[in-house]
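Peer 1: Got a structure here, written out as structure tokens. Questions coming.
The values are calculated or read from the model by the stated rules, or taken from the named source; none is laboratory data. Computed from a prediction, not measured in an experiment: that's the story for all the values here. Here the Cβ positions follow ideal geometry from the backbone for every residue, glycine too, while neighbour counts run over all protein chains shown. We work out accessible area using only protein heavy atoms, side chains counted, and drop any ligands, DNA or RNA first. Shrake-Rupley method; radii C 1.70, N 1.55, O 1.52, S 1.80 Å.
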Amino acid sequence: MAERSTAAVDVADNSGEQPLTAKADQSTADGVAKNPERDTDSDEAQGGGGTEGPGKKASPPELHSGHKLARRYRLEECVTRLDGFSSWRAVDEKLRRAVGVHVLPADHARARSVLAASRSSALLGDPRFVQVLDAVEENDLVYVVHEWLPDATELTTLLTTGPLEPHDAYQMVSQVASAMAAAHREGLAHLRLNPNAVLRASTGQWRIRGLAVNAALRGVSSDTPQRTDTEAIGALLYAALTQRWPYESDAYGLSGLPKGVGLIAPDQVRAGIHRGLSELAMRALANDGATASRHESPCTTPEELVKAIGEMPRIRPPEPAFTAPPEYQRTTYQQGTYGRPAPLGATQPIAPPPPPLQSRTGKALKWAVSALLIAALGLGSWQLADALMDQSGKSDDTKKNQTTDDGDKGATKPKPQPIKIQNSQEFAAEGPTQNAGAEPKTYDGNPSTYWKTKTFDQGPAFAPYKPGVGIVYDLGSAKKLSTATLDLRYDGDHTTVELYAADSLAPASLDSLTKIGTATTRGTTATVNVTKSVKTQYVLVWLTAVPNSGYDSTLYASAGWKQAIGEVKFTG
């Protein structure tokens, strides 16, 4: 079970050139099926960002399908071969998962910058970016291994069927802008942000690939990286609203604007476009002051764009459409027209109610029925009274027996008492910690704060890759435990919790601890009953299996096998 952080890498763009490999459109190096990794814009069409000269052009390495890198990554299909480097779909044989790989010669003019960019982006740790898994120089080759996303779709593909709905466009620009603002705060820029670099996962989350790495592969640089990325986000929003590229050149399968017209607002290109999103796209695109008078000041950084999005009224998703039920048809039994509507203009006769029992026979029958009812009521009342008296006598005898035979049987058991947690510390039996520093959130009385695990690629059991993850709690003094209750964030099949009696907040090893209880649940609450009676001051809550869940935008947790603990309560 490999831990998954979320840094970004993009497959090499082609800048309008076709890959040398045949039929490369069937896959991309990030795993988006049937979407070739290509970039049909020039730097002029993209708007902003200079290009460094490649210098001495290195020959591409002689690689083929089946070739292994580091005795681990088996190359399967070449997706792009351009400018001396190539991009591949590969298989990580150690973890049995698909990955993408960029390969270039170690003496390539951009090899050093590609390694530096890959390692920097891998440290970002933001789930909104595609993950860099490895960046290595070995055997005269430099290769970058990155996450493969088979369930994601490029924005380029989404726009082939038409513009996005306002809510989808709002979600896209909001998530992309906030992700790029976080990247720039860490000193990282994209510089090649285009519809091929923005992906929508099956969970609805928008993810960005190619942070820093794609620009390094193509030798792209900019004196104003924040302005370049902000204008690129504006171009993405413009394309999402209009299905047009906001420059004169055609790019990414989209038609450009008419020549000589200049930059016009999206709501002037297509009718019915959301006015607020149209103005937002213009504020991001018009970074040189070419803003229409009705627009506010331009946004020149992703941070300013995030602020402008926050000031907009929230765009709600469209209401689901419901099919009206079939019209109710009245049935008429008396006329023999069951299930058939009456003819137009015909009046259905109403059957008169039956006459009351007014004859001598009818009156006699009523008196007989009344007498029977009175007799039945009397008999029933007598039997009920007799039963109650008999039950009362039995209860008195039972109380006497309880008090005379055994005085202890009637005594109530003491109620479990809550045990207050004094301190806590995460315990890592193998590998790095999961979320060190967040342990107090599990007993702060606020169920909306969490200590969370990392996201794993396999599950639900951590073994054999990891024995488990968990937290050691200090109860203040040695106490006898009865139960531990955990409020969990994710349900599913399944979460396993084990309790151990520990000797300190930092035990030497898991083998040195005493196991005192275990429980498995598919819900969001786990109650572990202590099966071994011991007194202990320190208790380890140990997770050995976690469920699979989708992307969590609240905790910024990517889709995969993970769990988060909201509150832990001990009773004794």
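Peer 1: Starting from region 256-269, keep only residues that are within 22 Å of Glu296 (Cα to Cα), then list their pairs with residues that are of a type in the set (Ser, Thr, Tyr) and open to solvent by 70 Å² or more (accessible area, probe 1.4 Å) whose Cβ atoms are within a distance under 9 Å, requiring at least 6 positions of separation or different chains.
Peer 2: none
Peer 1: Which numbered condition trips up Glu77, out of (1) over 30 Å from His184 (Cβ atoms); (2) out of contact with any strand residue (DSSP E or B) (no Cβ under 8 Å at 6 or more places or on another chain); (3) open to solvent by 30 Å² or more (accessible area, probe 1.4 Å)?
Peer 2: Looking at each condition in turn, Glu77 falls short on (2).
Peer 1: Which members of region 521-572 meet the condition of being open to solvent by 50 Å² or more (accessible area, probe 1.4 Å), farther than 21 Å from Ala501 by Cα, β-branched (Val, Ile, Thr) and assigned to a loop (DSSP other than H, G, I, E, B)?
Peer 2: Within region 521-572, Thr524, Thr554 meet the criteria.
Peer 1: Before we move on, is Thr518 open to solvent by 70 Å² or more (accessible area, probe 1.4 Å), outside any loop (DSSP other than H, G, I, E, B) and either at positive phi or in contact with a strand residue (DSSP E or B) (Cβ under 7 Å, 6 or more places away or on another chain) (or both)?
Peer 2: So Thr518 passes the test.
Peer 1: Cβ-Cβ distance below 8 Å, separation of 6 or more or different chains: which pairs start in region 500-512 with a residue that is open to solvent by less than 30 Å² (accessible area, probe 1.4 Å) and end on one that is in a helix (DSSP H, G or I) and modelled with pLDDT under 90?
Peer 2: Partner pairs satisfying both residue conditions: Tyr500/Leu510.
Peer 1: Evaluate region 168-177: report whether one residue or more is outside any helix (DSSP H, G or I), in contact with a strand residue (DSSP E or B) (Cβ under 9 Å, 6 or more places away or on another chain) and not basic (Lys, Arg).
Peer 2: Among the residues of region 168-177, not one is outside any helix (DSSP H, G or I), in contact with a strand residue (DSSP E or B) (Cβ under 9 Å, 6 or more places away or on another chain) and not basic (Lys, Arg), which makes the answer no.
Peer 1: Here's another thing I want to ask about it. Residues in region 104-118: is at least one in a strand (DSSP E or B), over 27 Å from the mean Cα position of the chain (by Cα) and more than 30 Å from Leu241 (Cβ to Cβ)?
Peer 2: Yes: one or more hits.
Peer 1: Any chance you could count how many residues in region 494-512 are under 23 Å from Lys452 (Cβ atoms) and either among the acidic types (Asp, Glu) or assigned to a loop (DSSP other than H, G, I, E, B) (or both)?
Peer 2: Of the residues in region 494-512, 5 are under 23 Å from Lys452 (Cβ atoms) and either among the acidic types (Asp, Glu) or assigned to a loop (DSSP other than H, G, I, E, B) (or both).
Peer 1: Leu211 fails exactly one of the following numbered conditions: (1) more than 16 Å from Thr157 (Cα to Cα); (2) in a helix (DSSP H, G or I); (3) open to solvent by less than 10 Å² (accessible area, probe 1.4 Å); (4) not β-branched (Val, Ile, Thr). What is the number of that condition?
Peer 2: Here Leu211 clears every test but (2).
Peer 1: Say whether the condition of being open to solvent by less than 20 Å² (accessible area, probe 1.4 Å) and among the acidic types (Asp, Glu) is met by at least one residue in region 105-122.
Peer 2: Looking for residues that are open to solvent by less than 20 Å² (accessible area, probe 1.4 Å) and among the acidic types (Asp, Glu), one finds none in region 105-122, hence no.
Peer 1: Residues that are open to solvent by less than 20 Å² (accessible area, probe 1.4 Å) and part of a loop (DSSP other than H, G, I, E, B): does region 215-227 have at least one?
Peer 2: yes
Peer 1: Checking Ala201 against (1) more than 16 Å from Ser120 (Cα to Cα); (2) open to solvent by less than 10 Å² (accessible area, probe 1.4 Å); (3) within 21 Å of the chain's Cα centre (by Cα); (4) not β-branched (Val, Ile, Thr), which single condition isn't satisfied?
Peer 2: Ala201 satisfies every listed condition except (2).
Peer 1: Scan region 130-144 and give yes if some residue there is in a helix (DSSP H, G or I), at pLDDT 90 or above, open to solvent by less than 10 Å² (accessible area, probe 1.4 Å) and of a type in the set (A, V, I, L, M), otherwise no.
Peer 2: No, region 130-144 contains no residue that is in a helix (DSSP H, G or I), at pLDDT 90 or above, open to solvent by less than 10 Å² (accessible area, probe 1.4 Å) and of a type in the set (A, V, I, L, M).
Peer 1: Show me the strands (runs of 3 or more DSSP E) found entirely inside region 411-493 where at least 3 residues are open to solvent by less than 20 Å² (accessible area, probe 1.4 Å) and within 23 Å of Ser549 (Cβ to Cβ).
Peer 2: 469-480, 483-488
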